[in-house]
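The values are calculated or read from the model by the stated rules, or taken from the named source; none is laboratory data. Because the structure is predicted, anything quoted here is derived from the model rather than measured. Cβ atoms come from the backbone with ideal geometry, glycine included; neighbour counts cover every protein chain shown.
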Protein chains: 2
Amino acid sequence: MTQVATEPTMRNGINIDQMYGTLDAVKGMPELGKFQFRAQNRWMGGSHNRSTIKDFYGAGQVQTREQSFAVDAGEPAILLGDDFGPNPAEFALHALAACLTTSLVYVAAARGVRLIEVESTLEGNADVRGALGLSDEVRNGFQNIRVTFRVKADAPAEKVKELVERARSRSFVYDVISNGVPVEVDVIAA
Amino acid sequence: MTQVATEPTMRNGINIDQMYGTLDAVKGMPELGKFQFRAQNRWMGGSHNRSTIKDFYGAGQVQTREQSFAVDAGEPAILLGDDFGPNPAEFALHALAACLTTSLVYVAAARGVRLIEVESTLEGNADVRGALGLSDEVRNGFQNIRVTFRVKADAPAEKVKELVERARSRSFVYDVISNGVPVEVDVIAA
(Lines give C-alpha, C1' and ligand atoms only; values in the text may rest on other atoms or scores of the structure.)
Protein backbone atom coordinates (compact mmCIF):
# COMPACT_ATOMS: atom_id res chain seq x y z
CA MET A 1 0.00 0.00 0.00
CA THR A 2 1.28 3.42 -0.88
CA GLN A 3 -0.03 6.63 0.54
CA VAL A 4 -0.01 9.57 -1.81
CA ALA A 5 0.11 12.94 -0.10
CA THR A 6 -2.15 15.12 -2.21
CA GLU A 7 -1.61 18.84 -2.03
CA PRO A 8 -4.81 20.85 -1.92
CA THR A 9 -5.54 22.92 -5.02
CA MET A 10 -4.91 26.52 -3.97
CA ARG A 11 -5.80 29.61 -5.98
CA ASN A 12 -5.53 33.17 -4.64
CA GLY A 13 -4.77 31.57 -1.27
CA ILE A 14 -8.12 29.77 -1.26
CA ASN A 15 -8.43 26.00 -1.02
CA ILE A 16 -10.52 25.25 -4.08
CA ASP A 17 -11.31 21.66 -3.06
CA GLN A 18 -12.64 22.90 0.28
CA MET A 19 -14.60 25.63 -1.51
CA TYR A 20 -16.44 23.13 -3.72
CA GLY A 21 -16.85 20.76 -0.78
CA THR A 22 -18.55 23.53 1.19
CA LEU A 23 -20.78 24.52 -1.71
CA ASP A 24 -21.84 20.88 -2.23
CA ALA A 25 -22.52 20.37 1.48
CA VAL A 26 -24.76 23.46 1.73
CA LYS A 27 -26.47 22.58 -1.54
CA GLY A 28 -27.31 19.15 -0.15
CA MET A 29 -28.39 20.40 3.28
CA PRO A 30 -29.69 23.97 3.02
CA GLU A 31 -30.04 24.37 6.81
CA LEU A 32 -26.23 24.42 7.00
CA GLY A 33 -26.48 27.88 5.43
CA LYS A 34 -28.13 29.42 8.51
CA PHE A 35 -25.60 31.67 10.20
CA GLN A 36 -25.70 34.07 13.12
CA PHE A 37 -22.79 36.46 13.54
CA ARG A 38 -22.26 38.10 16.92
CA ALA A 39 -20.42 40.94 18.60
CA GLN A 40 -20.29 42.12 22.21
CA ASN A 41 -19.46 45.72 22.91
CA ARG A 42 -18.40 47.48 26.11
CA TRP A 43 -18.11 51.19 26.78
CA MET A 44 -14.56 52.10 27.90
CA GLY A 45 -15.21 55.79 28.70
CA GLY A 46 -15.85 58.83 26.51
CA SER A 47 -15.98 57.96 22.83
CA HIS A 48 -13.94 54.78 23.36
CA ASN A 49 -15.63 51.40 23.21
CA ARG A 50 -14.48 47.89 22.40
CA SER A 51 -16.13 44.97 20.65
CA THR A 52 -15.24 41.39 21.43
CA ILE A 53 -15.83 38.94 18.61
CA LYS A 54 -15.41 35.25 19.19
CA ASP A 55 -18.14 32.79 18.35
CA PHE A 56 -20.85 32.54 15.75
CA TYR A 57 -23.46 30.01 14.73
CA GLY A 58 -23.04 28.31 11.36
CA ALA A 59 -23.10 24.95 9.60
CA GLY A 60 -25.47 23.58 12.22
CA GLN A 61 -23.57 24.48 15.38
CA VAL A 62 -21.93 27.19 17.46
CA GLN A 63 -18.43 27.78 16.10
CA THR A 64 -16.00 29.02 18.74
CA ARG A 65 -12.65 30.44 17.76
CA GLU A 66 -9.69 29.62 19.99
CA GLN A 67 -9.02 33.30 20.58
CA SER A 68 -11.34 36.25 20.59
CA PHE A 69 -10.77 39.45 18.63
CA ALA A 70 -10.91 42.82 20.44
CA VAL A 71 -11.65 45.80 18.21
CA ASP A 72 -11.46 49.36 19.56
CA ALA A 73 -13.55 52.23 18.26
CA GLY A 74 -13.01 55.89 19.01
CA GLU A 75 -13.54 59.36 17.64
CA PRO A 76 -11.01 61.99 16.57
CA ALA A 77 -10.59 65.16 18.65
CA ILE A 78 -12.78 67.17 16.33
CA LEU A 79 -15.63 64.75 17.13
CA LEU A 80 -14.95 64.97 20.89
CA GLY A 81 -12.76 61.90 21.20
CA ASP A 82 -9.20 60.75 21.86
CA ASP A 83 -8.64 58.67 18.71
CA PHE A 84 -8.62 55.29 20.46
CA GLY A 85 -9.51 53.68 17.13
CA PRO A 86 -11.27 54.34 13.82
CA ASN A 87 -14.72 55.76 14.30
CA PRO A 88 -17.91 53.77 13.67
CA ALA A 89 -18.50 55.31 10.22
CA GLU A 90 -14.96 54.35 9.20
CA PHE A 91 -15.54 50.80 10.45
CA ALA A 92 -18.64 50.61 8.23
CA LEU A 93 -16.42 51.52 5.25
CA HIS A 94 -13.86 48.93 6.35
CA ALA A 95 -16.56 46.24 6.57
CA LEU A 96 -17.69 47.09 3.04
CA ALA A 97 -14.14 47.16 1.62
CA ALA A 98 -13.22 43.88 3.31
CA CYS A 99 -16.35 42.14 2.07
CA LEU A 100 -16.08 43.29 -1.54
CA THR A 101 -12.41 42.27 -1.58
CA THR A 102 -13.06 38.82 -0.10
CA SER A 103 -15.95 38.29 -2.53
CA LEU A 104 -13.67 39.20 -5.42
CA VAL A 105 -10.94 36.83 -4.23
CA TYR A 106 -13.40 33.93 -3.87
CA VAL A 107 -15.15 34.61 -7.19
CA ALA A 108 -11.81 34.85 -9.02
CA ALA A 109 -10.61 31.62 -7.37
CA ALA A 110 -13.79 29.82 -8.47
CA ARG A 111 -13.46 31.10 -12.03
CA GLY A 112 -9.79 30.27 -12.40
CA VAL A 113 -8.41 33.82 -12.42
CA ARG A 114 -5.19 34.49 -10.53
CA LEU A 115 -5.19 37.84 -8.74
CA ILE A 116 -1.92 39.68 -8.29
CA GLU A 117 -2.92 42.86 -6.47
CA VAL A 118 -6.22 44.19 -5.16
CA GLU A 119 -6.53 47.63 -3.61
CA SER A 120 -9.56 49.76 -2.95
CA THR A 121 -10.31 53.26 -1.79
CA LEU A 122 -13.62 54.06 -0.11
CA GLU A 123 -15.12 57.49 0.38
CA GLY A 124 -18.34 58.04 2.30
CA ASN A 125 -19.98 61.46 2.18
CA ALA A 126 -22.13 62.81 4.97
CA ASP A 127 -23.50 65.95 6.55
CA VAL A 128 -23.04 65.47 10.27
CA ARG A 129 -25.73 68.03 11.10
CA GLY A 130 -28.06 65.02 11.01
CA ALA A 131 -26.25 62.94 13.60
CA LEU A 132 -25.52 66.06 15.70
CA GLY A 133 -29.26 66.65 15.96
CA LEU A 134 -28.98 70.06 14.24
CA SER A 135 -31.07 69.29 11.18
CA ASP A 136 -33.91 66.99 10.27
CA GLU A 137 -33.40 67.74 6.61
CA VAL A 138 -30.18 65.78 6.16
CA ARG A 139 -29.92 62.12 7.04
CA ASN A 140 -27.74 60.93 9.93
CA GLY A 141 -25.60 58.54 7.91
CA PHE A 142 -23.75 58.49 4.61
CA GLN A 143 -25.47 60.15 1.67
CA ASN A 144 -23.45 57.99 -0.69
CA ILE A 145 -20.34 55.82 -0.78
CA ARG A 146 -17.88 55.53 -3.65
CA VAL A 147 -15.62 52.49 -3.95
CA THR A 148 -12.69 52.47 -6.39
CA PHE A 149 -10.91 49.17 -7.01
CA ARG A 150 -7.45 48.82 -8.54
CA VAL A 151 -6.99 45.22 -9.60
CA LYS A 152 -4.00 43.51 -11.19
CA ALA A 153 -4.79 40.00 -12.42
CA ASP A 154 -3.84 37.36 -14.96
CA ALA A 155 -6.86 38.29 -17.04
CA PRO A 156 -7.96 41.01 -19.48
CA ALA A 157 -9.54 44.20 -18.12
CA GLU A 158 -13.02 43.17 -19.28
CA LYS A 159 -12.80 39.91 -17.35
CA VAL A 160 -11.63 41.75 -14.23
CA LYS A 161 -14.60 44.11 -14.41
CA GLU A 162 -16.94 41.17 -14.81
CA LEU A 163 -15.45 39.50 -11.72
CA VAL A 164 -15.81 42.69 -9.64
CA GLU A 165 -19.41 42.98 -10.79
CA ARG A 166 -20.09 39.38 -9.80
CA ALA A 167 -18.36 39.97 -6.43
CA ARG A 168 -20.51 43.06 -5.83
CA SER A 169 -23.69 41.18 -6.65
CA ARG A 170 -22.89 38.50 -4.05
CA SER A 171 -21.22 40.59 -1.34
CA PHE A 172 -22.78 40.22 2.10
CA VAL A 173 -21.94 43.69 3.43
CA TYR A 174 -22.62 45.41 0.10
CA ASP A 175 -26.15 44.02 0.38
CA VAL A 176 -26.45 45.14 4.03
CA ILE A 177 -25.23 48.67 3.33
CA SER A 178 -26.90 49.29 0.00
CA ASN A 179 -30.28 47.73 0.84
CA GLY A 180 -30.55 48.14 4.60
CA VAL A 181 -31.53 45.62 7.29
CA PRO A 182 -34.23 45.75 10.00
CA VAL A 183 -32.52 46.44 13.34
CA GLU A 184 -34.27 45.87 16.66
CA VAL A 185 -32.87 47.62 19.73
CA ASP A 186 -33.80 46.39 23.23
CA VAL A 187 -32.69 47.92 26.50
CA ILE A 188 -32.20 46.39 29.91
CA ALA A 189 -31.68 49.17 32.46
CA ALA A 190 -29.60 47.47 35.18
CA MET B 1 -3.91 90.01 37.47
CA THR B 2 -4.80 86.49 38.43
CA GLN B 3 -5.09 83.62 36.08
CA VAL B 4 -7.70 81.05 36.94
CA ALA B 5 -7.12 77.61 35.49
CA THR B 6 -10.56 76.41 34.55
CA GLU B 7 -11.10 72.69 34.31
CA PRO B 8 -13.28 71.65 31.39
CA THR B 9 -16.70 70.31 32.34
CA MET B 10 -16.49 66.57 31.73
CA ARG B 11 -19.42 64.13 31.75
CA ASN B 12 -19.14 60.49 30.70
CA GLY B 13 -15.62 61.34 29.56
CA ILE B 14 -16.94 63.96 27.14
CA ASN B 15 -15.90 67.59 27.27
CA ILE B 16 -19.28 69.29 27.50
CA ASP B 17 -17.92 72.77 26.76
CA GLN B 18 -16.29 71.49 23.58
CA MET B 19 -19.52 69.66 22.67
CA TYR B 20 -21.61 72.84 22.85
CA GLY B 21 -18.85 74.81 21.13
CA THR B 22 -18.93 72.34 18.22
CA LEU B 23 -22.71 72.40 18.01
CA ASP B 24 -22.73 76.22 17.97
CA ALA B 25 -19.99 76.36 15.33
CA VAL B 26 -21.82 73.99 12.96
CA LYS B 27 -25.14 75.74 13.63
CA GLY B 28 -23.55 79.04 12.64
CA MET B 29 -21.72 77.68 9.58
CA PRO B 30 -23.58 74.65 8.20
CA GLU B 31 -20.86 73.84 5.64
CA LEU B 32 -18.66 72.75 8.59
CA GLY B 33 -20.98 69.72 8.80
CA LYS B 34 -19.81 68.30 5.48
CA PHE B 35 -17.69 65.22 6.21
CA GLN B 36 -16.07 62.56 4.09
CA PHE B 37 -14.79 59.44 5.83
CA ARG B 38 -12.24 57.27 4.04
CA ALA B 39 -10.66 53.83 4.14
CA GLN B 40 -8.04 52.18 1.97
CA ASN B 41 -7.99 48.43 1.72
CA ARG B 42 -5.34 46.02 0.44
CA TRP B 43 -5.62 42.29 -0.22
CA MET B 44 -3.07 40.33 1.82
CA GLY B 45 -3.77 36.86 0.33
CA GLY B 46 -6.68 34.44 0.68
CA SER B 47 -9.45 35.83 2.86
CA HIS B 48 -7.08 38.23 4.61
CA ASN B 49 -7.20 41.93 3.81
CA ARG B 50 -6.30 45.10 5.70
CA SER B 51 -7.80 48.56 5.81
CA THR B 52 -5.73 51.61 6.56
CA ILE B 53 -7.65 54.50 8.07
CA LYS B 54 -5.99 57.83 8.60
CA ASP B 55 -7.46 61.03 7.25
CA PHE B 56 -10.93 62.35 6.65
CA TYR B 57 -12.48 65.59 5.52
CA GLY B 58 -14.50 67.57 8.03
CA ALA B 59 -15.06 71.04 9.48
CA GLY B 60 -13.86 72.61 6.25
CA GLN B 61 -10.54 70.82 5.80
CA VAL B 62 -8.72 67.51 5.53
CA GLN B 63 -8.08 66.19 9.03
CA THR B 64 -4.99 64.00 9.26
CA ARG B 65 -4.35 61.88 12.31
CA GLU B 66 -0.76 61.55 13.50
CA GLN B 67 -0.91 57.79 13.16
CA SER B 68 -2.94 55.59 10.88
CA PHE B 69 -5.05 52.66 12.04
CA ALA B 70 -4.59 49.24 10.40
CA VAL B 71 -7.56 46.90 10.69
CA ASP B 72 -7.32 43.27 9.57
CA ALA B 73 -10.26 41.28 8.27
CA GLY B 74 -10.35 37.53 7.74
CA GLU B 75 -12.65 34.56 7.65
CA PRO B 76 -12.85 31.54 9.93
CA ALA B 77 -11.80 28.11 8.61
CA ILE B 78 -15.40 27.09 7.94
CA LEU B 79 -15.64 30.04 5.53
CA LEU B 80 -12.33 29.13 3.85
CA GLY B 81 -10.08 31.43 5.84
CA ASP B 82 -7.33 31.48 8.47
CA ASP B 83 -8.98 33.75 11.03
CA PHE B 84 -6.67 36.72 10.50
CA GLY B 85 -9.38 38.96 11.94
CA PRO B 86 -13.14 39.27 12.39
CA ASN B 87 -15.01 38.78 9.14
CA PRO B 88 -16.69 41.62 7.24
CA ALA B 89 -20.17 40.78 8.59
CA GLU B 90 -18.82 40.89 12.15
CA PHE B 91 -17.18 44.27 11.44
CA ALA B 92 -20.57 45.57 10.29
CA LEU B 93 -22.01 44.54 13.68
CA HIS B 94 -19.06 46.17 15.45
CA ALA B 95 -19.62 49.41 13.53
CA LEU B 96 -23.28 49.40 14.59
CA ALA B 97 -22.51 48.58 18.23
CA ALA B 98 -19.80 51.23 18.43
CA CYS B 99 -22.01 53.90 16.90
CA LEU B 100 -25.05 53.23 19.07
CA THR B 101 -22.83 53.23 22.17
CA THR B 102 -21.09 56.48 21.26
CA SER B 103 -24.43 58.10 20.44
CA LEU B 104 -25.77 57.03 23.82
CA VAL B 105 -22.71 58.38 25.64
CA TYR B 106 -22.97 61.77 23.87
CA VAL B 107 -26.74 62.04 24.32
CA ALA B 108 -26.47 61.17 28.02
CA ALA B 109 -23.65 63.70 28.46
CA ALA B 110 -25.75 66.41 26.83
CA ARG B 111 -28.78 65.58 28.99
CA GLY B 112 -26.84 65.46 32.25
CA VAL B 113 -27.08 61.71 32.87
CA ARG B 114 -24.02 59.95 34.24
CA LEU B 115 -23.50 56.51 32.73
CA ILE B 116 -21.85 53.82 34.83
CA GLU B 117 -21.77 50.79 32.52
CA VAL B 118 -22.86 50.22 28.94
CA GLU B 119 -22.71 46.83 27.30
CA SER B 120 -24.40 45.51 24.21
CA THR B 121 -24.80 42.20 22.44
CA LEU B 122 -25.46 42.11 18.70
CA GLU B 123 -26.80 39.17 16.74
CA GLY B 124 -27.14 39.25 12.98
CA ASN B 125 -29.04 36.44 11.24
CA ALA B 126 -28.33 35.33 7.71
CA ASP B 127 -28.65 32.48 5.27
CA VAL B 128 -25.29 32.30 3.52
CA ARG B 129 -26.78 30.46 0.52
CA GLY B 130 -27.29 33.95 -0.87
CA ALA B 131 -23.68 35.10 -0.65
CA LEU B 132 -22.43 31.64 -1.73
CA GLY B 133 -24.41 32.03 -4.95
CA LEU B 134 -26.54 28.95 -4.19
CA SER B 135 -29.92 30.67 -3.97
CA ASP B 136 -31.54 33.76 -5.39
CA GLU B 137 -34.41 33.42 -2.94
CA VAL B 138 -32.50 34.49 0.15
CA ARG B 139 -30.68 37.77 0.39
CA ASN B 140 -26.88 37.92 0.59
CA GLY B 141 -26.69 39.90 3.81
CA PHE B 142 -28.34 39.92 7.23
CA GLN B 143 -32.05 39.23 7.34
CA ASN B 144 -32.27 41.08 10.64
CA ILE B 145 -30.09 42.33 13.49
CA ARG B 146 -30.96 42.33 17.16
CA VAL B 147 -29.18 44.68 19.57
CA THR B 148 -29.56 44.25 23.33
CA PHE B 149 -28.20 47.00 25.58
CA ARG B 150 -27.48 46.61 29.28
CA VAL B 151 -27.11 50.08 30.77
CA LYS B 152 -26.30 51.13 34.33
CA ALA B 153 -26.78 54.85 34.91
CA ASP B 154 -27.60 57.48 37.52
CA ALA B 155 -31.13 57.67 36.18
CA PRO B 156 -34.39 55.72 36.35
CA ALA B 157 -35.02 52.90 33.85
CA GLU B 158 -37.54 54.98 31.89
CA LYS B 159 -35.02 57.76 31.39
CA VAL B 160 -32.37 55.27 30.25
CA LYS B 161 -34.76 53.83 27.67
CA GLU B 162 -35.56 57.32 26.42
CA LEU B 163 -31.83 58.08 26.04
CA VAL B 164 -31.21 54.85 24.09
CA GLU B 165 -34.16 55.69 21.86
CA ARG B 166 -32.77 59.17 21.23
CA ALA B 167 -29.30 57.68 20.56
CA ARG B 168 -30.80 55.22 18.06
CA SER B 169 -32.68 57.97 16.27
CA ARG B 170 -29.45 59.96 15.75
CA SER B 171 -26.94 57.14 15.22
CA PHE B 172 -24.93 57.45 12.01
CA VAL B 173 -24.34 53.73 11.42
CA TYR B 174 -27.83 52.73 12.58
CA ASP B 175 -29.14 54.96 9.80
CA VAL B 176 -26.68 53.47 7.27
CA ILE B 177 -27.52 49.87 8.16
CA SER B 178 -31.25 50.20 8.68
CA ASN B 179 -31.99 52.46 5.71
CA GLY B 180 -29.25 51.62 3.23
CA VAL B 181 -26.96 53.92 1.23
CA PRO B 182 -26.27 54.13 -2.52
CA VAL B 183 -22.87 52.56 -3.21
CA GLU B 184 -21.01 53.12 -6.49
CA VAL B 185 -18.26 50.65 -7.39
CA ASP B 186 -15.64 51.58 -10.01
CA VAL B 187 -12.84 49.37 -11.26
CA ILE B 188 -9.43 50.22 -12.64
CA ALA B 189 -7.86 47.09 -14.11
CA ALA B 190 -4.14 47.76 -13.83
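For every residue, the table says whether it meets (1) more than 16 Å from the chain's Cα centre (by Cα); (2) surrounded by 15 or more Cβ atoms within 10 Å (Cβ to Cβ); (3) closer than 29 Å to residue A:36 by Cβ.
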{"site": "A:119", "(1), (2), (3)": "no, yes, no"}
{"site": "A:127", "(1), (2), (3)": "yes, yes, no"}
{"site": "A:137", "(1), (2), (3)": "yes, no, no"}
{"site": "A:185", "(1), (2), (3)": "yes, yes, yes"}
{"site": "A:189", "(1), (2), (3)": "yes, yes, yes"}
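Which condition breaks for residue A:39 when tested against (1) more than 9 Å from chain B (Cβ to nearest Cβ); (2) crowded, with 23+ Cβ neighbours inside 10 Å?
That leaves (1) as the condition not met.
Which is out of contact with any Asp or Glu (no Cβ under 8 Å at 6 or more places or on another chain) and under 23 Å from residue B:100 (Cβ atoms), of B:146, B:166?
B:166
Quick check on the stretch B:42-68: of everything there that is surrounded by fewer than 21 Cβ atoms within 10 Å (Cβ to Cβ) and at the interface with chain A (Cβ under 7 Å from one of its Cβ atoms), which residue is farthest from residue A:15 (Cα to Cα)?
Initially, the stretch B:42-68 is screened for residues surrounded by fewer than 21 Cβ atoms within 10 Å (Cβ to Cβ), giving B:42, B:44-45, B:50, B:52, B:54-55, B:57-68.
Going one step further and asking which of them are at the interface with chain A (Cβ under 7 Å from one of its Cβ atoms), we end up with B:42, B:45, B:58-59, B:63, B:65.
Details: B:42: 20, B:45: 12, B:58: 43, B:59: 47, B:63: 41, B:65: 38 Å.
The residue in question is B:59.
Consider the stretch B:81-109. How many of its residues are farther than 18 Å from residue A:87 by Cβ and touching a Leu at 6+ places or on another chain (Cβ under 9 Å)?
Here the count works out to 2.
Quick check, is residue A:117 out of contact with any His (no Cβ under 8 Å at 6 or more places or on another chain) and either more than 7 Å from chain B (Cβ to nearest Cβ) or more than 24 Å from residue B:170 (Cα to Cα) (or both)? Talk me through it step by step, then tell me what you get.
Values: out of contact with any His (no Cβ under 8 Å at 6 or more places or on another chain): yes; either more than 7 Å from chain B (Cβ to nearest Cβ) or more than 24 Å from residue B:170 (Cα to Cα) (or both): yes.
Yes; evaluated as a whole, the condition is true for this residue.
So which residues in the stretch B:145-190 are more than 7 Å from every other protein chain (Cβ to nearest Cβ) and not acidic (Asp, Glu)?
B:153, B:155, B:156, B:159, B:163, B:166, B:167, B:169
Against the definition (facing chain B (nearest Cβ under 9 Å) and under 12 Å from residue B:91 (Cα atoms)), how does residue A:91 come out, yes or no?
Values: facing chain B (nearest Cβ under 9 Å): yes; under 12 Å from residue B:91 (Cα atoms): yes.
So residue A:91 passes the test.
Return yes or no: is residue A:27 surrounded by fewer than 19 Cβ atoms within 10 Å (Cβ to Cβ) and touching a Leu at 6+ places or on another chain (Cβ under 9 Å)?
Against the criterion (surrounded by fewer than 19 Cβ atoms within 10 Å (Cβ to Cβ) and touching a Leu at 6+ places or on another chain (Cβ under 9 Å)), residue A:27 qualifies.
What residue, among those in the stretch B:42-90 that are within 21 Å of residue A:35 (Cα to Cα) and among the small types (Gly, Ala, Ser), is farthest from the chain's Cα centre (by Cα)?
Filtering first and then ranking leaves B:77.
Of B:158, B:184, B:165, B:90, which residue is within 22 Å of residue A:127 (Cα to Cα) and in a helix (DSSP H, G or I)?
B:165
Within the stretch B:127-143, is even one residue closer than 13 Å to residue A:186 by Cα and at the interface with another protein chain (Cβ under 7 Å from one of its Cβ atoms)?
no
In contact with a strand residue (DSSP E or B) (Cβ under 6 Å, 6 or more places away or on another chain), more than 7 Å from chain B (Cβ to nearest Cβ) and of a type in the set (A, V, I, L, M): does that describe residue A:107?
When the stated conditions are applied, residue A:107 does not pass them.
Output yes when any residue across the stretch B:70-83 is hydrophobic (A, V, I, L, M, F, W, C), buried (at least 20 other Cβ atoms within 10 Å of the Cβ), within 7 Å of another protein chain (Cβ to nearest Cβ) and more than 29 Å from residue A:56 (Cα to Cα), and no when none is.
No, the stretch B:70-83 contains no residue that is hydrophobic (A, V, I, L, M, F, W, C), buried (at least 20 other Cβ atoms within 10 Å of the Cβ), within 7 Å of another protein chain (Cβ to nearest Cβ) and more than 29 Å from residue A:56 (Cα to Cα).
Residues checked against (1) assigned to a helix (DSSP H, G or I); (2) in contact (Cβ under 8 Å) with a residue 12 or more places away in the chain:
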position	(1), (2)
A:86	no, yes
A:105	yes, yes
A:112	no, yes
A:130	no, no
A:136	no, no
A:148	no, yes
A:151	no, yes
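Kindly indicate whether residue B:112 is surrounded by 17 or more Cβ atoms within 10 Å (Cβ to Cβ) and either modelled with pLDDT of 95 or more or at the interface with chain A (Cβ under 7 Å from one of its Cβ atoms) (or both).
no
(1) touching a residue at least 12 places away in the same chain (Cβ under 8 Å); (2) under 30 Å from residue A:9 (Cα atoms); (3) out of contact with any Phe, Trp or Tyr (no Cβ under 7 Å at 6 or more places or on another chain); (4) not basic (Lys, Arg): which one isn't true of residue A:165, the others all being true?
All conditions are met except number (1).
Which residue out of B:36, B:18 is assigned to a strand (DSSP E or B) and either out of contact with any Ser or Thr (no Cβ under 9 Å at 6 or more places or on another chain) or at pLDDT 95 or above (or both)?
Checking each option against the conditions leaves just B:36.
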